[in-house]
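Working notes for the structure below.
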Amino acid sequence: MPSNRRSKLGISRRALLSASLAPILACGRRTATRVSQSAPSFDRPPPVSIAVAQTFGVGSLESLLLAGLSRGIRDGTLHPDTKVRTFNLVNSASGTLAEPLETLAAEAAVDIVIFPGRDLIDLSSAGLLVPFQGSLAEVTGVAGGHWRWTLQAVTVNDAVMALPAAASPWLLLYNPAVLDSAGVEPPPETGWDWTQFRESVARVNRAGPVGLHLVQPSSPGGYFMPPIYVWLGAAGVEFVTDRKSPESLLDGKAERAVSLLHQLIITDDSTTSSASGTRFGAGIQKLILNQNLGMLCLGISAAHPTELWHRVDDPHGFEVASFPHAAHPVTPAEVDACIGVCSLGADHASAAHAARLIEAALDQTVYLSARRSRLRGAGARNSLSDQRLDVVERLIPGATAITLTRAERRIIDVYVGFKGVRESGPEPGYLEAAASLLSATAR
């Protein structure tokens, strides 16, 4: 099996905020009031200042977000005086977006912030998001316009904290030709259970091609791809959608997920793994072009390198099915991009109005849309075939939202992934340690 070496992931962190921010931070965390859904009438879109977080993990999504905003300004969807700036985690001692966003807002106005769904809890807890009034349908003005699980992902204490702009269901990608050459029938649309999945991967591997491609970390700072929390969601671990129940790590489901990955990677030796996100993409591309890859598990959205397989006219293109599951079909899914009203801005009502316009503008470039009515928007149609979108459309309504924060994901990466999936077997007490740390982070 190829080497799993990787460079240790890390987020460079500078010192805490400069002394000029002391008056802001001295106020402590904010309690924001809700934005009235009865926004004032506008003859034209209001000019706003937008901050885009450069923390999506994949540069292609950041580029598409910025391209969508630029297009919205050019075509008049957004005000011509709209300002767009970017920020990242460099100035964050805590590893959250709160501090760098406050730094940016101290330099110039920030009315709207666009950020990954994994950062919503932290920004909300810091009082940096102004909640919208009413249900998500009332907030957006479209009854039932969003997938239900996206509502769960952006709602905190019964308040809608942001508009979900981009969704990402985790699915199984498979090459029908490679599976056929190995005598393996394609999976049903609802996906294989883990026994069928493991057997199919092994059969493809024995026939010559690579059965499955994934990333396995070689250091505590590394990560799995798909992430460990996605495998836990497919196992039915409830804490993925309920951070108040970390003890569900101890009911056997998480252990079963770790056992599956150990079998695939170590016991069966039926996968090939890369050492970094860059090598992950390059490795997939080489295998696909050589018609030498049977299966791949990936999030279907602009947040993941689907450019490696999505072309409609690509003879090496993959088809899609539900993510492999432990007992019952499940589609782990995330909100990749959110649009929030920043509490540090001066006119929250105008910002809320602009947020709805921004959501529409991003539909032209970003996919998959969090709105069911826009699933086949321009961004998706430029990237996914109708046949693949048909499958996604049937699977995504019942998806299970992953709402873990950055800190919670890191705990799972290190204590469940790195300490669990080891050649010598899981480290004693690894799940108990993870559950204890998750309990400490619960709010």
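The values are calculated or read from the model by the stated rules, or taken from the named source; none is laboratory data. Note that the structure is a prediction, hence the values are computed from the model and not measured. No Cβ is skipped: glycine too gets one built from the backbone with ideal geometry, and neighbour counts run over all protein chains shown. Note: accessible area is taken over every heavy atom of the protein model, side chains too, but ligands, DNA and RNA are not part of it. Shrake-Rupley method; radii C 1.70, N 1.55, O 1.52, S 1.80 Å.
For the reader, a short list of remarks on this structure follows.
- Amide hydrogen neighbours beyond the local backbone of CYS338, cut-off 5 Å, H modeled: PHE115, GLY117, ALA165
- Local electrostatic count at THR55 - Lys and Arg +1, Asp and Glu -1, tallied over other residues with Cβ under 12 Å: -2
- Accessible-area rank, largest first, for GLU427, GLU319, GLU247, GLU107: GLU107, GLU247, GLU427, GLU319, with all protein chains present and a 1.4 angstrom probe.
- Close amide H pairs (under 5 Å, H built 1.01 Å from N) link LEU129 with SER343, residues at least 5 positions away or on another chain.
- For LEU78, the amide hydrogen comes within under 5 Å of the amide hydrogens of ILE73, counting only partners 5 or more places away or on other chains and with H modelled in the peptide plane.
- Whole-Hz Karplus values for region 254-269 come out as 4, 4, 5, 5, 4, 5, 4, 5, 4, 5, 5, 8, 10, 5, 7, 6 Hz, taken residue by residue from phi with 6.51 cos²θ - 1.76 cosθ + 1.60 and θ = phi - 60°; glycine and proline positions read x.
- A full extension of the chain between VAL90 and ASP158 corresponds to an added length of 21.3 nm, given 0.36 nm per residue minus the alpha carbon distance.
- For region 88-228, carbon and sulfur atoms together expose 47% of the accessible surface, with a 1.4 angstrom probe and every protein chain in place.
- In Hz, Karplus ³J(HN,Hα) per residue of region 320-335 (6.51, -1.76, 1.60; θ = phi - 60°; x = Gly, Pro): 10, 8, 4, 4, x, 10, 6, 9, 10, x, 8, 10, x, 8, 9, 8
- Heavy atoms of ASP390 accessible to a 1.4 Å probe, total area in Å² rounded to 10: 60
- Backbone geometry of region 173-188 corresponds, through the Karplus equation with coefficients 6.51, -1.76 and 1.60 at θ = phi - 60°, to 3J(HN,Hα) couplings of 9, 9, 9, x, 5, 5, 4, 5, 5, 9, x, 9, 5, x, x, x Hz, x marking Gly and Pro.
- One Cα centroid belongs to region 74-91, the other to region 220-239; the line between them spans 33 Å.
- Gain in span if fully extended, GLU393 to GLU423, counting 0.36 nm per residue against the direct Cα distance: 6.9 nm
- 13 Å beta-carbon shell around ALA235, net charge (K/R +1, D/E -1): -2
- Other residues with beta-carbon under 14 Å from the beta-carbon of GLN364 carry, at +1 per Lys or Arg and -1 per Asp or Glu, a net charge of +3.
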